[in-house]
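Chemist: Shown below is the structure under consideration.
Only the coordinates and a few stated rules stand behind these numbers; no lab work does. Remember, predicted model here, so these are calculated numbers, not experimental data. Quick reminder, even Gly has a Cβ in these numbers, built from the backbone with ideal geometry, and neighbours come from all protein chains shown.
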Amino acid sequence: MNITQKVNDAPMVYEIETRLRQAHNNDFDDSIGDPIDADEVYDLIRNINDPEHPLTLEQLHVANREHIFVDDGASRVRIEFTPTIPHCSMATLIGLCIRVRLLRSLPERFKVDIRVRDGTHQSEADVNKQLNDKERVAAALENTYLLDVVDQCLASAA
C-alpha cells in the first residue's frame with residue numbers, strides 16, 4: 001500500500017471465525033427475491049485489507065457482524081466500524097474502502113450509511129461527515145493515487 005509511517009505499529013489481531021451460510025431451497029429459485037441481510041454485507045467487507053497492515057478488517061475487529069444493520073425493504077444499510085486506535089489517521093480511508101466495496105457489490109437501490117462507532121475515534125464527527133458526503137466521496141475517488149490504494153485494499157475482498 002506504500003504507507004511509510006504506521007500509526008499503529010502493533011495492532012491487536014483476532015482470530016477469524018469460520019462461517020458457512022446455510023443454503024435454502026429458495027436460494028436456487030430465481031423467481032423468488034433474495035433479500036440482502038447483514039450476513040451478506042459482512043461477507044462483502046470482512047476481507048478488505050487494512051491500508052496499514054497485511055491484515056483484514058475482520059482480523060483487526062474493525063468490521064463486526066454485530067455492527068451491520070440492513071433493512072432490505074427500505075433499501076438501507078448502516079455499517080459502524082471501529083478503528084484500531086482512537087487517533088487512527090486511516091479511518092477515513094477504511095470507510096472509503098467499505099463504501100467502494102458496497103457501491104460495487106450491492107444493487108443501486110441501497111442507501112449506505114458508513115459511520116465510525118460512537119466513542120471510538122477522536123474525530124468521529126468529521127470522519128462520519130466525510131464518509132457520507134457524496135461530493136467528498138466522488139472527489140476522493142477522482143484522485144488516482146487514492147483510488148489505487150482503495151483498489152489494493154479491495155483486491156483480497158473479491
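Chemist: Per-residue counts of other Cβ atoms within 10 Å, averaged by peptide: what ranking do you get for 133-143, 42-52, highest first?
Modeler: Those peptides, ordered most packed to least, come out 42-52, 133-143.
Chemist: Moving on to the next point. If we sort 107-119, 60-72, 76-88 on the protection proxy, mean other Cβ atoms within 10 Å, highest first, what's the order? Walk me through the intermediate numbers first.
Modeler: Working: 107-119: 14.2, 60-72: 17.6, 76-88: 19.3.
Taking the mean over residues of other Cβ atoms within 10 Å, the ranking is 76-88, 60-72, 107-119.
Chemist: Net charge near SER123, counting Lys/Arg +1 and Asp/Glu -1 over other residues with Cβ under 14 Å of its Cβ? Write out the running numbers ahead of the final one.
Modeler: On the way: positive: ARG115, ARG117, LYS129; negative: ASP118, GLU124, ASP126.
Result for the neighbourhood of SER123: 0.
Chemist: Mind giving me the nanometre distance, one decimal, between the label points for GLU66 and PHE28, set 7 Å out from Cα along Cα→Cβ?
Modeler: 3.6 nm
Chemist: Can you compute the FRET efficiency between ASP126 and ALA74 using 1/(1 + (r/R0)^6), with r the Cβ-Cβ distance and R0 = 30 Å? Round to the nearest 0.05.
Modeler: On the way: r = 27 Å, r/R0 = 0.91.
Working from the Cβ atoms, E equals 0.65.
Chemist: Quick check: pseudo-label points 7 Å beyond the Cα along Cα→Cβ at ILE16 and TYR145, how many nm apart are they?
Modeler: Once both label points are built, they end up 3.0 nm from each other.
Chemist: Roughly how many nanometres apart are two label points built 7 Å out from the Cα toward the Cβ at ALA138 and GLN152?
Modeler: In this crude spin-label approximation the distance works out to 2.8 nm.
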